[in-house]
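Please see the structure below; I have some questions.
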Amino acid sequence: MSSDTGILNRLRTGIWEDNPGLVQLLGLCPLLAVTTTFVNGVGLGIATLLVLTCSNVLVSATRRLIRAEIRIPMYVLIISSLVTCIEMIFLAWFPSLGRSLGIFIPLIVTNCAIVARAEVFASRNSVSASFIDGIAMGAGFAVLLGTIGAFRELIGKGSIMSRLDMLFGGEPMSGLVLVDGGFLLAILPPGAFISLGLFVAAKNALDRRKQQTNRPISSNTLR
Amino acid sequence: MQTEATPSTWTSGLILAGLAAVCTALVAVTHSRTAPRIAANEQAYLEQSLKPVLQGIEYDGNLSESTITILPPHELPGDEDVPVYRVYADGAPVAALFVVRAMDGFSGPIRLLVGIDAGGSISGVRVLEHRETPGLGDLIDADKSDWIRQFNGKSLASPPVAAWTIKRDGGEFDQLTGASITPRSVIKAIRETLVYYDKNREDVFAVEAEAKAQ
Ligand SMILES: Cc1cc2nc3c(=O)[nH]c(=O)nc-3n(C[C@H](O)[C@H](O)[C@H](O)COP(=O)(O)O)c2cc1C
(Lines give C-alpha, C1' and ligand atoms only; values in the text may rest on other atoms or scores of the structure.)
Protein backbone atom coordinates (compact mmCIF):
# COMPACT_ATOMS: atom_id res chain seq x y z
CA MET A 1 0.00 0.00 0.00
CA SER A 2 2.81 2.39 0.77
CA SER A 3 4.83 1.46 -2.30
CA ASP A 4 5.38 4.13 -4.93
CA THR A 5 2.80 2.77 -7.33
CA GLY A 6 0.35 2.62 -4.44
CA ILE A 7 0.81 6.31 -3.77
CA LEU A 8 0.50 7.18 -7.45
CA ASN A 9 -2.63 5.08 -7.70
CA ARG A 10 -4.08 6.83 -4.68
CA LEU A 11 -3.36 10.22 -6.21
CA ARG A 12 -4.95 9.19 -9.47
CA THR A 13 -8.00 7.94 -7.66
CA GLY A 14 -8.31 11.20 -5.73
CA ILE A 15 -7.68 13.52 -8.63
CA TRP A 16 -9.45 11.62 -11.40
CA GLU A 17 -11.36 8.41 -10.80
CA ASP A 18 -12.96 9.27 -7.50
CA ASN A 19 -12.53 13.05 -7.43
CA PRO A 20 -14.53 14.31 -4.42
CA GLY A 21 -16.03 17.21 -6.38
CA LEU A 22 -16.24 15.85 -9.90
CA VAL A 23 -17.39 12.30 -9.20
CA GLN A 24 -18.67 12.19 -5.65
CA LEU A 25 -20.14 15.70 -5.99
CA LEU A 26 -19.24 16.50 -2.38
CA GLY A 27 -18.48 19.96 -1.04
CA LEU A 28 -20.31 21.73 -3.82
CA CYS A 29 -21.17 24.82 -1.76
CA PRO A 30 -17.59 26.15 -1.53
CA LEU A 31 -16.84 24.78 -4.98
CA LEU A 32 -19.55 26.88 -6.54
CA ALA A 33 -19.14 29.93 -4.33
CA VAL A 34 -15.43 30.74 -4.40
CA THR A 35 -14.30 29.64 -7.84
CA THR A 36 -14.58 33.07 -9.45
CA THR A 37 -10.81 33.23 -9.91
CA PHE A 38 -7.94 30.77 -10.06
CA VAL A 39 -6.33 32.14 -6.90
CA ASN A 40 -9.52 31.90 -4.88
CA GLY A 41 -10.14 28.36 -6.07
CA VAL A 42 -6.61 27.17 -5.36
CA GLY A 43 -6.53 29.01 -2.02
CA LEU A 44 -9.64 27.30 -0.74
CA GLY A 45 -8.44 24.05 -2.29
CA ILE A 46 -5.21 24.21 -0.32
CA ALA A 47 -7.04 25.08 2.88
CA THR A 48 -9.35 22.12 2.35
CA LEU A 49 -6.43 19.84 1.55
CA LEU A 50 -4.69 20.83 4.80
CA VAL A 51 -7.81 20.29 6.89
CA LEU A 52 -8.60 16.99 5.18
CA THR A 53 -5.08 15.61 5.59
CA CYS A 54 -4.78 16.64 9.24
CA SER A 55 -8.25 15.39 10.05
CA ASN A 56 -7.55 12.06 8.35
CA VAL A 57 -4.34 11.68 10.36
CA LEU A 58 -5.98 12.62 13.66
CA VAL A 59 -9.01 10.43 13.11
CA SER A 60 -6.81 7.54 12.09
CA ALA A 61 -4.48 8.02 15.06
CA THR A 62 -7.42 7.93 17.45
CA ARG A 63 -9.34 5.22 15.60
CA ARG A 64 -8.86 2.64 18.37
CA LEU A 65 -10.60 5.02 20.75
CA ILE A 66 -13.49 5.61 18.42
CA ARG A 67 -16.75 4.08 19.52
CA ALA A 68 -19.76 3.98 17.29
CA GLU A 69 -21.88 6.16 19.55
CA ILE A 70 -19.38 9.01 19.90
CA ARG A 71 -17.69 8.95 16.52
CA ILE A 72 -19.68 11.84 15.05
CA PRO A 73 -18.92 14.20 17.98
CA MET A 74 -15.28 13.17 17.70
CA TYR A 75 -15.15 14.03 14.01
CA VAL A 76 -16.90 17.32 14.67
CA LEU A 77 -14.41 18.20 17.42
CA ILE A 78 -11.38 17.32 15.33
CA ILE A 79 -12.55 18.97 12.13
CA SER A 80 -13.82 22.16 13.73
CA SER A 81 -10.62 22.72 15.74
CA LEU A 82 -8.51 22.12 12.65
CA VAL A 83 -10.57 24.56 10.61
CA THR A 84 -10.28 27.17 13.33
CA CYS A 85 -6.50 26.77 13.31
CA ILE A 86 -6.29 26.91 9.51
CA GLU A 87 -8.36 30.08 9.47
CA MET A 88 -6.02 31.75 11.95
CA ILE A 89 -2.99 30.60 9.96
CA PHE A 90 -4.43 32.03 6.74
CA LEU A 91 -5.27 35.35 8.40
CA ALA A 92 -1.77 35.52 9.83
CA TRP A 93 0.28 34.54 6.79
CA PHE A 94 -2.02 35.00 3.77
CA PRO A 95 -4.14 37.95 4.93
CA SER A 96 -5.45 39.08 1.56
CA LEU A 97 -6.37 35.56 0.51
CA GLY A 98 -7.97 35.03 3.90
CA ARG A 99 -10.03 38.17 3.46
CA SER A 100 -10.96 37.24 -0.08
CA LEU A 101 -12.17 33.77 0.91
CA GLY A 102 -13.87 35.21 3.98
CA ILE A 103 -16.58 33.02 5.46
CA PHE A 104 -15.70 30.09 3.19
CA ILE A 105 -12.67 29.14 5.27
CA PRO A 106 -14.74 28.62 8.45
CA LEU A 107 -17.34 26.90 6.27
CA ILE A 108 -14.83 24.16 5.43
CA VAL A 109 -16.29 22.63 8.60
CA THR A 110 -19.42 21.87 6.63
CA ASN A 111 -17.60 20.30 3.69
CA CYS A 112 -19.02 16.80 3.75
CA ALA A 113 -16.03 15.48 1.80
CA ILE A 114 -14.02 15.75 5.03
CA VAL A 115 -16.45 13.88 7.27
CA ALA A 116 -16.93 11.36 4.49
CA ARG A 117 -13.21 10.55 4.35
CA ALA A 118 -13.04 10.34 8.15
CA GLU A 119 -15.93 7.89 8.27
CA VAL A 120 -15.18 5.84 5.16
CA PHE A 121 -11.39 5.76 5.20
CA ALA A 122 -9.46 7.22 8.11
CA SER A 123 -11.40 5.45 10.87
CA ARG A 124 -10.49 2.08 9.30
CA ASN A 125 -6.98 2.53 7.97
CA SER A 126 -3.47 3.19 9.20
CA VAL A 127 -2.16 6.68 9.82
CA SER A 128 0.13 6.64 6.78
CA ALA A 129 -2.59 5.36 4.45
CA SER A 130 -4.98 7.99 5.80
CA PHE A 131 -2.36 10.68 5.33
CA ILE A 132 -1.95 9.73 1.67
CA ASP A 133 -5.70 9.48 1.24
CA GLY A 134 -6.07 13.01 2.66
CA ILE A 135 -3.45 14.37 0.28
CA ALA A 136 -4.99 12.56 -2.70
CA MET A 137 -8.58 13.55 -2.04
CA GLY A 138 -7.55 17.07 -1.02
CA ALA A 139 -5.47 17.43 -4.17
CA GLY A 140 -8.42 16.23 -6.23
CA PHE A 141 -10.60 18.91 -4.68
CA ALA A 142 -7.91 21.60 -5.01
CA VAL A 143 -7.18 20.78 -8.64
CA LEU A 144 -10.87 20.90 -9.48
CA LEU A 145 -11.34 24.21 -7.63
CA GLY A 146 -8.32 25.70 -9.37
CA THR A 147 -9.42 24.47 -12.78
CA ILE A 148 -12.96 25.73 -12.47
CA GLY A 149 -11.64 29.00 -11.04
CA ALA A 150 -9.25 29.45 -13.96
CA PHE A 151 -12.01 28.57 -16.44
CA ARG A 152 -14.53 31.02 -14.97
CA GLU A 153 -11.90 33.73 -14.63
CA LEU A 154 -10.87 33.31 -18.25
CA ILE A 155 -14.42 33.37 -19.60
CA GLY A 156 -15.86 35.86 -17.14
CA LYS A 157 -13.03 38.34 -16.76
CA GLY A 158 -10.73 37.60 -19.67
CA SER A 159 -7.72 37.17 -17.42
CA ILE A 160 -5.48 34.30 -16.39
CA MET A 161 -4.10 33.86 -12.89
CA SER A 162 -4.72 37.36 -11.63
CA ARG A 163 -3.81 38.30 -8.06
CA LEU A 164 -1.27 35.53 -7.57
CA ASP A 165 0.24 37.88 -4.99
CA MET A 166 -2.48 36.70 -2.60
CA LEU A 167 -0.67 33.35 -2.46
CA PHE A 168 2.94 34.45 -2.78
CA GLY A 169 2.92 37.97 -1.33
CA GLY A 170 4.26 41.10 -2.94
CA GLU A 171 2.56 43.82 -4.92
CA PRO A 172 -0.89 43.22 -6.43
CA MET A 173 -0.50 41.42 -9.77
CA SER A 174 -3.07 41.66 -12.49
CA GLY A 175 -2.00 38.43 -14.14
CA LEU A 176 -2.29 37.88 -17.86
CA VAL A 177 -5.13 40.05 -19.12
CA LEU A 178 -6.32 38.83 -22.52
CA VAL A 179 -9.35 41.03 -22.90
CA ASP A 180 -10.75 43.65 -20.58
CA GLY A 181 -13.98 42.25 -19.21
CA GLY A 182 -15.57 39.05 -20.38
CA PHE A 183 -18.71 37.02 -20.52
CA LEU A 184 -20.21 38.07 -17.24
CA LEU A 185 -22.41 35.02 -16.73
CA ALA A 186 -19.36 32.87 -16.04
CA ILE A 187 -18.54 34.60 -12.74
CA LEU A 188 -22.15 34.85 -11.60
CA PRO A 189 -23.62 31.93 -9.63
CA PRO A 190 -25.29 30.29 -12.68
CA GLY A 191 -21.87 30.25 -14.35
CA ALA A 192 -20.59 28.11 -11.47
CA PHE A 193 -23.23 25.45 -12.07
CA ILE A 194 -22.75 25.57 -15.83
CA SER A 195 -18.96 25.28 -15.49
CA LEU A 196 -19.18 22.36 -13.08
CA GLY A 197 -21.69 20.68 -15.40
CA LEU A 198 -19.34 21.10 -18.34
CA PHE A 199 -16.44 19.62 -16.40
CA VAL A 200 -18.48 16.63 -15.20
CA ALA A 201 -19.70 16.04 -18.75
CA ALA A 202 -16.17 16.31 -20.13
CA LYS A 203 -14.89 13.80 -17.61
CA ASN A 204 -17.66 11.35 -18.36
CA ALA A 205 -17.06 11.72 -22.08
CA LEU A 206 -13.34 11.07 -21.65
CA ASP A 207 -13.99 8.05 -19.46
CA ARG A 208 -16.47 6.62 -21.95
CA ARG A 209 -14.13 7.07 -24.87
CA LYS A 210 -11.40 5.31 -22.91
CA GLN A 211 -13.75 2.43 -22.16
CA GLN A 212 -14.73 2.11 -25.79
CA THR A 213 -11.19 2.04 -27.08
CA ASN A 214 -10.31 -0.55 -24.46
CA ARG A 215 -13.21 -2.85 -25.17
CA PRO A 216 -14.56 -1.88 -28.56
CA ILE A 217 -16.43 -5.08 -29.30
CA SER A 218 -18.27 -5.61 -26.05
CA SER A 219 -19.42 -2.03 -25.69
CA ASN A 220 -20.65 -1.99 -29.29
CA THR A 221 -22.58 -5.18 -28.96
CA LEU A 222 -24.16 -3.93 -25.76
CA ARG A 223 -25.91 -1.10 -27.59
CA MET B 1 -27.14 10.25 37.98
CA GLN B 2 -28.88 7.06 36.90
CA THR B 3 -27.43 3.69 37.66
CA GLU B 4 -27.73 2.76 33.99
CA ALA B 5 -24.49 4.55 33.24
CA THR B 6 -22.41 1.56 32.26
CA PRO B 7 -18.61 1.62 32.39
CA SER B 8 -18.58 2.01 28.62
CA THR B 9 -20.65 5.18 28.84
CA TRP B 10 -18.10 6.59 31.24
CA THR B 11 -15.24 5.60 29.00
CA SER B 12 -16.90 7.26 26.01
CA GLY B 13 -17.40 10.42 28.02
CA LEU B 14 -13.80 10.41 29.15
CA ILE B 15 -12.53 9.87 25.61
CA LEU B 16 -14.62 12.78 24.36
CA ALA B 17 -13.46 14.99 27.23
CA GLY B 18 -9.84 14.08 26.57
CA LEU B 19 -10.17 14.77 22.87
CA ALA B 20 -11.90 18.08 23.61
CA ALA B 21 -8.98 19.06 25.85
CA VAL B 22 -6.45 18.16 23.16
CA CYS B 23 -8.35 20.06 20.48
CA THR B 24 -8.78 23.10 22.71
CA ALA B 25 -5.06 23.09 23.41
CA LEU B 26 -4.37 22.94 19.67
CA VAL B 27 -6.59 25.94 19.01
CA ALA B 28 -5.16 27.84 21.99
CA VAL B 29 -1.57 27.33 20.87
CA THR B 30 -2.35 28.32 17.28
CA HIS B 31 -4.18 31.37 18.54
CA SER B 32 -1.30 32.54 20.72
CA ARG B 33 1.13 32.03 17.83
CA THR B 34 -0.99 33.86 15.24
CA ALA B 35 -2.76 36.56 17.25
CA PRO B 36 0.03 39.20 17.09
CA ARG B 37 0.45 38.70 13.34
CA ILE B 38 -3.29 38.86 12.72
CA ALA B 39 -3.61 42.05 14.76
CA ALA B 40 -0.70 43.61 12.87
CA ASN B 41 -2.22 42.57 9.54
CA GLU B 42 -5.56 44.08 10.47
CA GLN B 43 -3.94 47.33 11.55
CA ALA B 44 -1.94 47.52 8.33
CA TYR B 45 -5.03 46.71 6.28
CA LEU B 46 -7.00 49.47 8.02
CA GLU B 47 -4.27 52.04 7.43
CA GLN B 48 -3.95 50.92 3.86
CA SER B 49 -7.66 51.16 3.18
CA LEU B 50 -7.96 54.58 4.84
CA LYS B 51 -5.17 56.15 2.81
CA PRO B 52 -6.88 56.35 -0.59
CA VAL B 53 -9.52 58.75 0.73
CA LEU B 54 -6.85 61.24 1.83
CA GLN B 55 -5.72 62.30 -1.62
CA GLY B 56 -3.26 65.14 -1.32
CA ILE B 57 -3.62 65.59 2.44
CA GLU B 58 -0.57 65.57 4.69
CA TYR B 59 -1.13 64.11 8.12
CA ASP B 60 0.65 63.00 11.27
CA GLY B 61 0.83 59.60 12.87
CA ASN B 62 -1.46 56.63 12.51
CA LEU B 63 -4.79 57.19 10.81
CA SER B 64 -6.63 55.08 13.32
CA GLU B 65 -5.19 56.84 16.36
CA SER B 66 -8.07 59.21 17.00
CA THR B 67 -11.24 57.24 16.40
CA ILE B 68 -14.74 57.97 17.65
CA THR B 69 -17.98 56.10 17.09
CA ILE B 70 -21.24 57.86 16.42
CA LEU B 71 -24.09 55.77 17.78
CA PRO B 72 -27.57 55.62 16.28
CA PRO B 73 -29.95 57.37 16.11
CA HIS B 74 -27.96 59.79 13.96
CA GLU B 75 -28.55 61.60 10.71
CA LEU B 76 -25.83 59.73 8.88
CA PRO B 77 -26.67 57.11 6.25
CA GLY B 78 -27.45 53.67 7.65
CA ASP B 79 -28.76 52.78 11.07
CA GLU B 80 -25.61 51.35 12.58
CA ASP B 81 -22.64 52.67 14.54
CA VAL B 82 -20.54 54.98 12.40
CA PRO B 83 -16.79 54.89 13.08
CA VAL B 84 -15.10 58.22 12.40
CA TYR B 85 -11.34 58.41 11.92
CA ARG B 86 -10.10 61.91 12.68
CA VAL B 87 -6.94 63.02 10.96
CA TYR B 88 -4.59 65.72 12.24
CA ALA B 89 -1.53 67.60 11.06
CA ASP B 90 0.44 69.59 13.64
CA GLY B 91 -2.38 69.16 16.10
CA ALA B 92 -4.99 70.76 13.85
CA PRO B 93 -7.80 68.67 12.31
CA VAL B 94 -7.34 68.19 8.56
CA ALA B 95 -9.92 65.56 7.73
CA ALA B 96 -12.56 63.19 9.08
CA LEU B 97 -13.22 59.77 7.58
CA PHE B 98 -16.71 58.29 8.00
CA VAL B 99 -17.66 54.65 7.51
CA VAL B 100 -21.33 54.79 6.49
CA ARG B 101 -23.77 52.40 4.88
CA ALA B 102 -25.83 53.30 1.83
CA MET B 103 -29.00 51.37 2.53
CA ASP B 104 -30.73 51.39 -0.86
CA GLY B 105 -28.23 49.63 -3.12
CA PHE B 106 -29.46 47.12 -5.68
CA SER B 107 -28.41 44.14 -3.53
CA GLY B 108 -28.30 45.22 0.06
CA PRO B 109 -26.29 47.83 1.92
CA ILE B 110 -23.10 49.31 0.47
CA ARG B 111 -20.38 50.17 2.98
CA LEU B 112 -18.60 53.38 2.11
CA LEU B 113 -15.58 55.19 3.46
CA VAL B 114 -16.15 58.90 2.97
CA GLY B 115 -13.25 61.27 3.56
CA ILE B 116 -14.00 64.97 4.09
CA ASP B 117 -11.29 67.56 4.54
CA ALA B 118 -11.33 70.44 7.01
CA GLY B 119 -12.91 72.75 4.45
CA GLY B 120 -15.84 70.38 3.86
CA SER B 121 -14.69 69.04 0.48
CA ILE B 122 -14.53 65.36 -0.35
CA SER B 123 -10.95 64.11 -0.07
CA GLY B 124 -11.92 60.72 -1.44
CA VAL B 125 -14.57 58.00 -1.30
CA ARG B 126 -14.07 54.24 -1.46
CA VAL B 127 -16.47 51.34 -1.39
CA LEU B 128 -15.48 48.98 1.40
CA GLU B 129 -18.09 46.31 0.89
CA HIS B 130 -20.94 45.69 -1.52
CA ARG B 131 -22.88 42.94 -3.22
CA GLU B 132 -23.82 44.76 -6.42
CA THR B 133 -23.82 42.86 -9.70
CA PRO B 134 -20.41 42.33 -11.33
CA GLY B 135 -20.21 44.39 -14.51
CA LEU B 136 -23.15 46.61 -13.56
CA GLY B 137 -23.28 48.00 -10.04
CA ASP B 138 -19.78 46.90 -9.11
CA LEU B 139 -18.23 49.65 -11.22
CA ILE B 140 -18.50 51.75 -8.07
CA ASP B 141 -15.45 49.77 -6.91
CA ALA B 142 -12.28 51.83 -7.41
CA ASP B 143 -10.54 48.74 -8.85
CA LYS B 144 -13.18 48.36 -11.54
CA SER B 145 -13.69 51.91 -12.78
CA ASP B 146 -12.93 55.54 -12.03
CA TRP B 147 -16.52 56.32 -11.20
CA ILE B 148 -15.96 56.72 -7.47
CA ARG B 149 -13.12 59.21 -8.08
CA GLN B 150 -15.38 61.86 -9.60
CA PHE B 151 -16.31 63.04 -6.10
CA ASN B 152 -12.80 64.17 -5.20
CA GLY B 153 -12.83 67.86 -4.35
CA LYS B 154 -16.62 68.21 -4.48
CA SER B 155 -18.50 69.79 -1.61
CA LEU B 156 -21.97 70.98 -0.71
CA ALA B 157 -21.06 74.34 -2.26
CA SER B 158 -20.05 72.87 -5.58
CA PRO B 159 -22.22 71.36 -6.87
CA PRO B 160 -25.19 72.67 -4.84
CA VAL B 161 -27.05 70.15 -2.71
CA ALA B 162 -29.84 69.75 -5.24
CA ALA B 163 -27.35 68.65 -7.90
CA TRP B 164 -25.92 65.85 -5.73
CA THR B 165 -27.46 63.11 -7.83
CA ILE B 166 -26.99 61.45 -11.21
CA LYS B 167 -27.29 63.43 -14.43
CA ARG B 168 -30.46 61.60 -15.43
CA ASP B 169 -32.16 63.05 -12.32
CA GLY B 170 -30.88 66.52 -13.12
CA GLY B 171 -27.72 66.17 -11.10
CA GLU B 172 -24.05 66.66 -11.69
CA PHE B 173 -22.67 63.13 -11.49
CA ASP B 174 -22.24 60.35 -14.04
CA GLN B 175 -24.52 57.36 -13.82
CA LEU B 176 -23.44 53.86 -14.71
CA THR B 177 -24.77 52.45 -17.94
CA GLY B 178 -27.69 50.13 -17.30
CA ALA B 179 -27.49 50.58 -13.57
CA SER B 180 -28.76 53.69 -11.91
CA ILE B 181 -29.96 52.29 -8.61
CA THR B 182 -26.45 51.72 -7.27
CA PRO B 183 -25.05 55.21 -8.10
CA ARG B 184 -28.16 56.94 -6.80
CA SER B 185 -27.76 55.18 -3.49
CA VAL B 186 -24.04 55.90 -3.19
CA ILE B 187 -24.39 59.57 -4.08
CA LYS B 188 -27.23 60.01 -1.61
CA ALA B 189 -25.11 58.51 1.16
CA ILE B 190 -22.17 60.80 0.35
CA ARG B 191 -24.46 63.83 0.31
CA GLU B 192 -25.99 62.92 3.67
CA THR B 193 -22.54 62.48 5.15
CA LEU B 194 -21.50 65.91 3.87
CA VAL B 195 -24.64 67.48 5.31
CA TYR B 196 -24.00 65.83 8.67
CA TYR B 197 -20.40 67.00 8.71
CA ASP B 198 -21.46 70.50 7.78
CA LYS B 199 -23.81 70.65 10.77
CA ASN B 200 -21.66 68.84 13.32
CA ARG B 201 -18.08 69.69 12.38
CA GLU B 202 -17.22 71.14 15.79
CA ASP B 203 -18.68 68.21 17.67
CA VAL B 204 -16.92 65.61 15.55
CA PHE B 205 -13.55 66.97 16.60
CA ALA B 206 -14.52 67.99 20.14
CA VAL B 207 -15.21 64.51 21.46
CA GLU B 208 -12.47 62.69 23.32
CA ALA B 209 -10.94 59.83 21.30
CA GLU B 210 -11.77 56.31 22.33
CA ALA B 211 -9.24 54.23 24.14
CA LYS B 212 -7.57 51.85 21.73
CA ALA B 213 -8.76 48.27 21.80
CA GLN B 214 -5.29 47.04 22.62
C1 LIG C 1 -29.44 40.44 -12.97
C2 LIG C 1 -29.61 41.92 -12.76
C3 LIG C 1 -28.67 42.58 -12.01
C4 LIG C 1 -28.76 43.97 -11.78
N5 LIG C 1 -27.80 44.60 -11.05
C6 LIG C 1 -27.89 45.93 -10.84
C7 LIG C 1 -26.91 46.61 -10.08
O8 LIG C 1 -25.94 46.02 -9.58
N9 LIG C 1 -27.05 47.94 -9.88
C10 LIG C 1 -28.11 48.63 -10.40
O11 LIG C 1 -28.16 49.83 -10.18
N12 LIG C 1 -29.05 48.01 -11.10
C13 LIG C 1 -28.97 46.68 -11.36
N14 LIG C 1 -29.93 46.04 -12.08
C15 LIG C 1 -31.14 46.73 -12.35
C16 LIG C 1 -31.33 47.32 -13.67
O17 LIG C 1 -30.38 47.37 -14.58
C18 LIG C 1 -32.19 48.54 -13.50
O19 LIG C 1 -33.06 48.52 -14.54
C20 LIG C 1 -31.42 49.82 -13.47
O21 LIG C 1 -30.64 49.96 -12.36
C22 LIG C 1 -32.37 50.98 -13.50
O23 LIG C 1 -31.65 51.94 -14.09
P24 LIG C 1 -32.01 52.46 -15.53
O25 LIG C 1 -33.03 53.48 -15.20
O26 LIG C 1 -30.69 52.98 -16.01
O27 LIG C 1 -32.54 51.32 -16.33
C28 LIG C 1 -29.85 44.69 -12.32
C29 LIG C 1 -30.81 43.99 -13.04
C30 LIG C 1 -30.70 42.64 -13.29
C31 LIG C 1 -31.76 41.94 -14.09
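Which shape class, rounded, prolate or oblate, goes with the stretch A:3-214 when its Cα gyration tensor gives a ≥ b ≥ c as root eigenvalues, a/c under 1.5 marks rounded, and past that a/b bigger than b/c marks prolate?
Since a/c reaches 1.5 but b/c is at least a/b, the shape of the stretch A:3-214 is classed as oblate.
Mind putting a number on the dipole of the protein assembly as shown about its Cα centre? Charges go on the C-beta only, +1 for Lys and Arg and -1 for Asp and Glu, and I need it in Debye to the nearest 20.
Dipole of the protein assembly as shown, to the nearest 20 debye: 2220 debye.
Suppose every K and R has +1 on its Cβ and every D and E has -1 on its Cβ; what is the size of the dipole of the stretch A:3-214 about the Cα centre, in Debye to the nearest 20? Present the calculation step by step, with values, prior to reporting the outcome.
Working: 16 positive and 12 negative charges, 106 e Å.
In total the dipole reaches around 500 debye.
Quick one: dipole size for the stretch B:52-204, taken about the Cα centre, charges +1 on Lys/Arg Cβ and -1 on Asp/Glu Cβ, in debye to the nearest 20.
Dipole of the stretch B:52-204, to the nearest 20 debye: 460 debye.
Take A:203, B:51 and sort them by solvent-accessible surface of the protein heavy atoms, 1.4 Å probe, largest at the top.
The ordering from most to least exposed comes out as B:51, A:203.
Could you work out how far helix B:7-50 tilts from the main Cα principal axis of chain B, as a 0 to 90 degree angle to the nearest 10?
Orientation of helix B:7-50: about 20 degrees from the principal axis.
What order do B:45, B:196 take when sorted by accessible area (1.4 Å probe), most exposed first?
Details: B:45 95, B:196 30 Å².
Order by accessible area, largest first: B:45, B:196.
When the accessible area of the stretch B:2-66 is computed with all protein chains present and a 1.4 Å probe, what percentage of it is carbon and sulfur?
Percent of accessible area from carbon and sulfur atoms in the stretch B:2-66: 61.
Of A:151, A:183, B:173, which has the most accessible area and how do the rest follow, probe 1.4 Å?
On the way: A:151 70, A:183 130, B:173 0 Å².
Highest to lowest solvent-accessible surface, that is A:183, A:151, B:173.
Estimate the FRET efficiency between residue A:184 and residue B:21 by the formula 1/(1 + (r/R0)^6), using the beta-carbon distance for r and 56 Å for R0, to the nearest 0.05.
The computed FRET efficiency comes out at 0.65.
Right, next: Using a loss threshold of 50 Å², tell me which positions in the stretch A:41-75 are less accessible in the complex than in their chain alone. Probe radius 1.4 Å, ligands and nucleic acids ignored.
At a threshold of 50 Å² (probe 1.4 Å), the residues of the stretch A:41-75 that become less exposed are A:67, A:70.
What three numbers, in Å, describe the spread of the alpha carbons of the protein assembly as shown along their principal axes, ordered from the longest?
Result for the protein assembly as shown: principal-axis Cα extents of 80, 66, 42 Å.
A further question on this structure: I need the phi-derived Karplus couplings for the stretch B:181-193: 6.51 cos²θ - 1.76 cosθ + 1.60, θ = phi - 60°, integer Hz, Gly and Pro marked x.
Using θ = phi - 60°, the values come out as 5, 4, x, 4, 5, 5, 4, 4, 5, 5, 4, 5, 5 Hz.
Pick out, from B:8, B:50, B:18, the residue whose Cα sits farthest towards the positive end of the charge dipole of the stretch B:1-73, with +1 on the Cβ of Lys and Arg and -1 on the Cβ of Asp and Glu.
The one lying farthest along the dipole's positive direction is B:8.
Please give the Cα centre distance for the stretch B:141-214 versus the stretch B:29-91, rounded to the nearest Å.
The stretch B:141-214 and the stretch B:29-91 have Cα centres separated by 19 Å.
With labels modelled as points extended 7 Å from the Cα through the Cβ direction, what inter-label distance (nm, one decimal) is found for residue B:177 paired with residue A:127?
The answer from the label model is 6.2 nm.
What's the total accessible area buried between chains A and B, using a 1.4 Å probe, rounded to the nearest 100 Å²?
2000
Give A:157/A:210; A:157/B:144; A:157/A:203; B:51/B:154; B:51/B:144 a once-over and call out the pairs whose C-alpha atoms are over 23 Å from each other.
Cα-Cα > 23 Å for A:157/A:210; A:157/A:203; rest within.
Quote to one decimal, in nm, the extra length available between residue A:210 and residue A:171 on full extension: 0.36 nm per residue of separation minus the C-alpha distance between them.
Length gained, residue A:210 through residue A:171: 9.6 nm.
Moving to a separate point now. What's the longest uninterrupted piece of chain B once you rule out the GluC sites (Glu not before Pro) that are loop residues per DSSP with at most 10 other Cβ within 10 Å?
It works out to B:59-207.
Can you compute log10 of I(q)/I(0) for the stretch B:52-204 with the Debye formula, treating each Cα as one identical point scatterer, at q = 0.09, 0.16, 0.18 Å⁻¹?
So the normalised log intensities are -0.26, -0.84, -1.06.
The values are calculated or read from the model by the stated rules, or taken from the named source; none is laboratory data. The shown structure was predicted, so the numbers you read here are calculated from the model rather than taken from an experiment. FYI the Cβ positions are ideal-geometry reconstructions off the backbone, even for glycines, and counts take in every protein chain you see. Each accessible area value is taken on the protein alone, full model and side chains, heavy atoms only, with ligands, DNA and RNA left out. Shrake-Rupley method; radii C 1.70, N 1.55, O 1.52, S 1.80 Å.
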